[in-house]
């Protein structure tokens with residue numbers, strides 16, 4: 001994760017998917033498919049989903065202090081109450097992740113109000129499991145697709161799968177001088193967007209070794225719209241993380 005510097009554009013907030021269920025539902029959990037060790041994580045997730053206020057949801061959110069202003073801004077445009085789901089499916093638990101100190105746990109959420117099911121990650125902190133909020137909102141509200149819909153002035157960060165591809169849009173200026181990448185959100189959402197990067201940039205030179213052809217990576221990327229004359233395209237501005245884990249506060253800057 002580590003979208004602690006996430007900037008959520010006002011256009012995306014206004015188009016956030018509303019929760020349309022008429023009454024709260026806790027979500028069906030098949031405990032036979034879930035290890036007992038994941039019990040505290042699913043309980044924290046249920047409390048996060050059932051929260052009726054921002055303050056209540058923050059108690060179950062990873063890096064709550066950093067997330068508070070972003071969540072307050074988001075919930076001025078989106079419903080603040082419970083996030084109502086039909087099913088909570090256990091996916092994976094990692095008691096010894098290499099990049100963070102606490103156990104991580106991943107669930108898949110299903111709701112009739114959403115086009116796609118939504119993965120959500122929790123990380124264990126000293127006071128219990130906490131939900132990785134920015135990625136949850138990205139996938140639920142399909143913010144990556146909305147970013148590609150129309151030109152925006154501000155860059156945004158996303159959790160994506162990324163790999164090299166070919167771009168054949170000859171209308172883009174100096175296309176031969178640009179590397180091309182395909183970015184996509186978490187499955188089962190199959191959306192794909194094309195992003196470009198100047199071959200002479202430091203980032204392109206770095207990615208030539210860390211992300212060669214036929215390599216697919218789950219990463220945090222910063223994307224920015226560019227325009228020249230009548231042409232517009234999305235550019236890969238930075239890759240703050242080559243993973244989706246949430247880094248501790250003292251490591252965030254070094255991950256850029």
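Before moving on, here are some points about what is shown:
- Where strands (runs of 3 or more DSSP E) fall entirely within the range 126-222, those with at least 2 residues that are within 25 Å of residue 79 (Cβ to Cβ), at pLDDT 95 or above and touching a helix residue (DSSP H, G or I) at 6+ places or on another chain (Cβ under 8 Å) are at 128-131, 156-164.
- Wholly within the range 24-104, helices (runs of 4 or more DSSP H) carrying at least 3 residues that are assigned by TED's automatic domain parsing to the domain that holds residue 245, surrounded by fewer than 19 Cβ atoms within 10 Å (Cβ to Cβ) and touching a strand residue (DSSP E or B) at 6+ places or on another chain (Cβ under 8 Å): none
- Count of the range 112-139 residues which are surrounded by fewer than 22 Cβ atoms within 10 Å (Cβ to Cβ), farther than 21 Å from residue 161 by Cβ and in contact (Cβ under 8 Å) with a residue 60 or more places away in the chain: 5
- Test: residue in the range 227-242 that is in contact with a helix residue (DSSP H, G or I) (Cβ under 9 Å, 6 or more places away or on another chain) and either assigned to a loop (DSSP other than H, G, I, E, B) or farther than 30 Å from residue 66 by Cβ (or both): yes
- Checklist (1) in contact (Cβ under 8 Å) with a residue 24 or more places away in the chain; (2) surrounded by fewer than 14 Cβ atoms within 10 Å (Cβ to Cβ); (3) closer than 30 Å to residue 96 by Cα applied to residue 160, failing item: (2)
The values are calculated or read from the model by the stated rules, or taken from the named source; none is laboratory data. Keep in mind the model is a prediction, meaning the values are calculated, not measured. Note: ideal-geometry Cβ built from the backbone for every residue, glycine included; neighbour counts use all protein chains shown.
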